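Undergrad: Quick one: this structure, given as structure tokens, is what I'll be asking you about.
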Amino acid sequence: MKQKDLILYSGLIILGLAAPFLFSAFKVQLTYLCVLIVLAMTWNLQGGEMGYNSFGNILFYGLGMYLTASVQVGMFFPLAEWTESGGEKTFVHTTAQYFQGIGVGLLVAAIVPTIVAGAIGYAILGLRGHYFAICTLGLGIAAGEIAGGIEIIGAGQGFTTPPFPAEIVDPEARGQFFYFLSFLVLVLAFMFVKYIYGSRFRLILNAIRDNEDKAEAMGIQTMKYKIVGWMCSAFFCGLAGGIMGGLIGYIDSTDVAFDGREMGVFMVLMAILGGKGTLWGPVIGATLFHFFKEGLWTFILGWQYVALGVLIVVIVVYFPEGLMGWLREKYPDRFGEVIDEKDRKAQVEIK
Amino acid sequence: MDLLIFQAPILMVQASLDGILLGILFALIAYGMALQWGVMNIINIAQGDLVILGGYIAYTMYLAGIHPAWGVIVSPIIMYFVGWALYKLVINKVVDRDLFISILATFGIAIVFQQLMNFVFGADVVVAQSEYGTTMLFDNSVTLPNSKIFAAFISVIYAIGLVIYMRRSRLGRAIRATAQNARAAKILGVDTEKVYAATFGINAALCGVAGALISITLTLHPYVGLPYTVRSFMIVIVAGLGNLPAVALSGMGLGLFEEFADYILGTEFRIGAVFMLLVFILVYRRFKLSKKREYLK
């Protein structure tokens, strides 16, 4: 088993490293895929494992996006003048400045959302079930509306992130840079989530999901663990947002950064499609979703949101357990579950 | 920050009147939400989009040369069947499931509705002209569009009508019985499936009325549904399920809050303020309940 895992992981990493050279026309799509997997996996940490279905992780994503861009610009030039010029390249980053800026920016984009999650966690995570879902939905949209009114980050007209340095003439460089950045984050996120899956922390999160009152009665400080779980999600959401901001090159408050209607729902949908509460579920779900989306989007141009809405309804209504859940039902022994024949017969009879 | 409102106190009268009249309209939408939430245990994110669809029905009549005020009669009839069809297609599969499932499923419905309305009616902001004129108060310093007074009046009539209907009619009694205990009602011969379909239809019809009124008082746009959902959700959690006077009062309170937020913070933060208020209300309730070691459920 151990050796099989080793082969699987090294194979995937080699595939990941070779992908931009094998499919060099799809580098941007591959970067999107990495970011989507990171988002789905970290949403799954608290949506699937902890049972706190959040629509508000988009808050950290958008925050990370704005923070990376602001730091990248603000480190070298006055931020207000940059946004006021609205993309007119009045200031030009040198190569060193660009990479320094994005490095520090991503660091800030990872840390600040984590702190924000910790700060609001105590208040928000005291809500349960659908109140939590609606509250975080409100939080994400409020953040978008408020960001759309703040002048220094571009308000309604948007924020152009610094363009990739012109001194690097290789046309492939930009795509490769962002791909490897997102792939690095993906590997880190996967290792982190895998570590959590083998730790006591996951059992505590599951206990909170299954019955929070009982978990508390067993002496688990549920609030502490809930906040830590949310902070883990926020950390990677911030990073993902920062990378996407640089990749897209333009930040709009409600359509790109705090895009609850797209990204905010996507991450929930991908995790559910693959199977909540499994390690591989979100990865498979995100991959399938991305292929489906990109494959279908171009054919049904204009109707994509209708298709998306129908897809949400179909997935949620007919496959709430997701792909992994379905497989688990079908081949329980593959998942290490032992089923008592008598017990199953009895359940069938009840049905 | 524009603090004109403190320099010219007459604006406060303007904001208060606007807010109260608007709040009555919000309360009507919230009443529909409370109805379906109480009876079917469903949170309908598409509520606001049903409202906007109702508004577009009135707007279509306006384009066809019929006075949009007739929309308050036509729109609920059409919307009743839209709601009924929606129930038969999707909602009946999520009724006894986890609330999160219903939230996500109705979110999907909301996206479909928004996009279809965008196709059919275009992405422009539209308004149906009622040409009711305005009433000037206090030496012409406060202007009050008659359409707003008309909207509040119609909302009150519909709300009272519905309350009487729920008390007196057979279906109303069946709905109330199902809300109390669906299983017991089923045993006693109530066709709960029919009751659910009717409840969702009535909710959609109320949204239709509200939408028709919004089309003549405010503006319509395919993507502004969600704020109406959040407003009605907020009113319901403040007022509780099935407490009509409280729904009306908290609706007016919300209207007042919005108008004052509009003047004090600026129009660009108006929707943001509504969503932040939702977060604050939920967090406030959470802290208040946690003192008793309880939580919102």
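No value in this document is a laboratory result; all are computed from the given coordinates. Predicted model, so just to flag it, every value in this text is computed and none were measured. Note that we place each Cβ from the backbone using ideal geometry, even for glycine, and neighbour counts take in every protein chain shown.
Undergrad: Once you treat every alpha carbon in the protein assembly as shown as an equal point and sum by Debye, what is log10 I(q)/I(0) at q = 0.09, 0.12 Å⁻¹?
TA: Rounded to two decimals, the profile gives -0.81, -1.37.
Undergrad: When you count, for each residue, the other Cβ atoms within 10 Å and take the mean per peptide, how do B:149-158, B:246-255 rank with the highest first?
TA: Details: B:149-158: 18.8, B:246-255: 22.2.
So the peptides B:149-158, B:246-255, ranked by packing, come out B:246-255, B:149-158.
Undergrad: Now for a different question. What Kirkwood hydrodynamic radius, in Å, does region A:116-196 give when the mean of 1/r is taken over all pairs of distinct Cα atoms and then inverted? Before the final figure, lay out the partial values.
TA: Numbers: mean 1/r = 0.0593 Å⁻¹.
When all Cα pairs of region A:116-196 are included, the Kirkwood radius is 16.9 Å.
Undergrad: Between B:V82, B:V72, B:V120, where does the largest GNM mean-square fluctuation fall for chain B, given springs only between Cα atoms within less than 10 Å?
TA: Maximum among the listed residues: B:V120.
Undergrad: For B:V142, list long-range residues whose amide hydrogen, built 1.01 Å from N in the peptide plane, is under 5 Å from its own amide hydrogen.
TA: Under 5 Å from the amide H of B:V142 lie the amide H atoms of B:L137, each far enough along the sequence or on another chain.
Undergrad: For chain A, modelled as a GNM with alpha-carbon contacts under 10 angstrom, which of A:H130, A:H93, A:H290 fluctuates the most?
TA: Largest GNM mean-square fluctuation: A:H130.
Undergrad: In debye to the nearest 20, how big a dipole does chain B give about its Cα centre with +1 on each Lys and Arg Cβ and -1 on each Asp and Glu Cβ?
TA: On the way: 21 positive and 15 negative charges, 345 e Å.
Dipole size: approximately 1660 debye.
Undergrad: Lys/Arg Cβ at +1, Asp/Glu Cβ at -1, dipole of the protein assembly as shown taken about the Cα centre: which of A:I150, B:N140, A:M231 is farthest positive-ward?
TA: My answer, from the dipole projection, is A:M231.
Undergrad: Check A:T160: other-chain or 5+ apart residues with amide H under 5 Å from its amide H, H built from backbone geometry?
TA: The list, which skips near neighbours in sequence, is A:G87, A:I251.
Undergrad: Next up: Please give the charge dipole size of the protein assembly as shown, origin at the Cα centre, charges +1 on K and R Cβ atoms and -1 on D and E Cβ atoms. Round to the nearest 20 debye. Before the final figure, lay out the partial values.
TA: On the way: 44 positive and 42 negative charges, 549 e Å.
It comes to approximately 2640 debye.
Undergrad: Add +1 for every Lys or Arg and -1 for every Asp or Glu among the other residues with Cβ under 15 Å from the Cβ of A:I248, and state the total.
TA: Working: positive: A:K27, A:R174; negative: A:D252, A:D255, A:D259, A:E262.
Local net charge: -2.
Undergrad: Check each of the chymotrypsin sites (Phe, Trp or Tyr not before Pro) in region A:1-102 and keep only those in coil by DSSP with at most 13 other C-beta atoms within 10 angstrom; list them in order.
TA: Working: sites: A:Y9, A:F21, A:F23, A:F26, A:Y32, A:W43, A:Y52, A:F55, A:F60, A:Y61, A:Y66, A:F76, A:W82, A:F91, A:Y98, A:F99; in loops: A:F23, A:Y52, A:F55, A:F76, A:F91.
Within region A:1-102, the qualifying chymotrypsin sites (Phe, Trp or Tyr not before Pro) (loop, at most 13 other Cβ atoms within 10 Å) are A:F23.
Undergrad: Amide H neighbours of B:I45 under 5 Å, at least 5 residues apart or on other chains, H built in the peptide plane: list them.
TA: Here B:T106, B:F107 satisfy the definition.
Undergrad: Taking neighbour counts of Cβ atoms within 10 Å as a proxy for exposure, in what order, fewest first, do A:S54, B:S130 appear?
TA: Listed from fewest to most nearby Cβ atoms, that is B:S130, A:S54.
Undergrad: Which whole-Hz couplings ³J(HN,Hα) result when phi for each residue of region B:233-238 is put into the Karplus expression 6.51 cos²θ - 1.76 cosθ + 1.60, θ = phi - 60°, listed in order with x for Gly and Pro?
TA: Once θ is set to phi - 60°, the couplings for region B:233-238 become 4, 4, 4, 5, 6, 6 Hz.
Undergrad: Springs between alpha-carbon atoms under 10 Å, Gaussian network over chain B: tell me which of B:L35, B:L282, B:L21 tops the mean-square fluctuations.
TA: Comparing B:L35, B:L282, B:L21 in the GNM, the peak value goes to B:L282.
Undergrad: I'd like to compare B:258-269, B:226-237: which one has the highest average count of other Cβ atoms within 10 Å, and what's the full order after that?
TA: On the way: B:258-269: 18.0, B:226-237: 24.8.
Packing order, densest peptide first, comes out as B:226-237, B:258-269.
Undergrad: Evaluate peptide B:106-118: per residue, the Cβ atoms of other protein chains within 10 Å of its Cβ; return the mean as an integer.
TA: Working: counts 3, 13, 12, 4, 3, 12, 9, 2, 4, 8, 4, 0, 3.
For peptide B:106-118, the averaged partner shielding equals 6.
Undergrad: Roughly how big is region B:176-286's charge dipole about its Cα centre, with Cβ charges of +1 (Lys, Arg) and -1 (Asp, Glu), in debye to the nearest 20?
TA: On the way: 8 positive and 6 negative charges, 104 e Å.
It comes to approximately 500 debye.
Undergrad: Also: When Cβ neighbours within 10 Å are restricted to other protein chains, what is their mean count per residue of peptide B:92-105? Spell out each step's value before the answer.
TA: Working: counts 1, 4, 4, 0, 0, 3, 4, 6, 12, 6, 3, 9, 13, 8.
Other-chain Cβ atoms within 10 Å of each residue's Cβ, averaged: 5.
Undergrad: Counting each DSSP H run of 4 or more residues in chain B as -39500 (n - 2.57), what helix-only mean residue ellipticity at 222 nm follows after dividing by all residues, to the nearest 500 deg cm²/dmol? Kindly include the intermediate steps, with their values, before the conclusion.
TA: Values: 12 runs with 218 residues, N = 297.
Calculated mean residue ellipticity at 222 nm is -25000 deg cm²/dmol.
Undergrad: Under 15 Å Cα to Cα from A:K194, which aspartates and glutamates show up? Leave out anything in the same chain fewer than 8 places away.
TA: Cross-link targets: A:D5, A:E49.
Undergrad: Shielding of A:35-44 by partners, i.e. mean partner chain Cβ atoms within 10 Å per residue?
TA: 0
Undergrad: Taking only DSSP H segments of four or more residues, each worth -39500 (n - 2.57), what value at 222 nm results for chain A once the sum is divided by all its residues, to the nearest 500 deg cm²/dmol?
TA: Working: 15 runs with 245 residues, N = 351.
Here the helix-only value at 222 nm equals -23000 deg cm²/dmol.
Undergrad: Counting other Cβ atoms within 10 Å, keep those with at most 15, restrict to DSSP loop, and tell me which GluC sites (Glu not before Pro) in region A:189-289 are left.
TA: Numbers: sites: A:E212, A:E216, A:E262; in loops: A:E262.
Those satisfying the criteria are A:E262.
Undergrad: As I understand it, the value is the acute angle between the Cα axis of helix B:270-290 and the longest principal axis of the Cα atoms of chain B; what does it come to in degrees, rounded to 10?
TA: The helix B:270-290 is inclined about 50 degrees to chain B.
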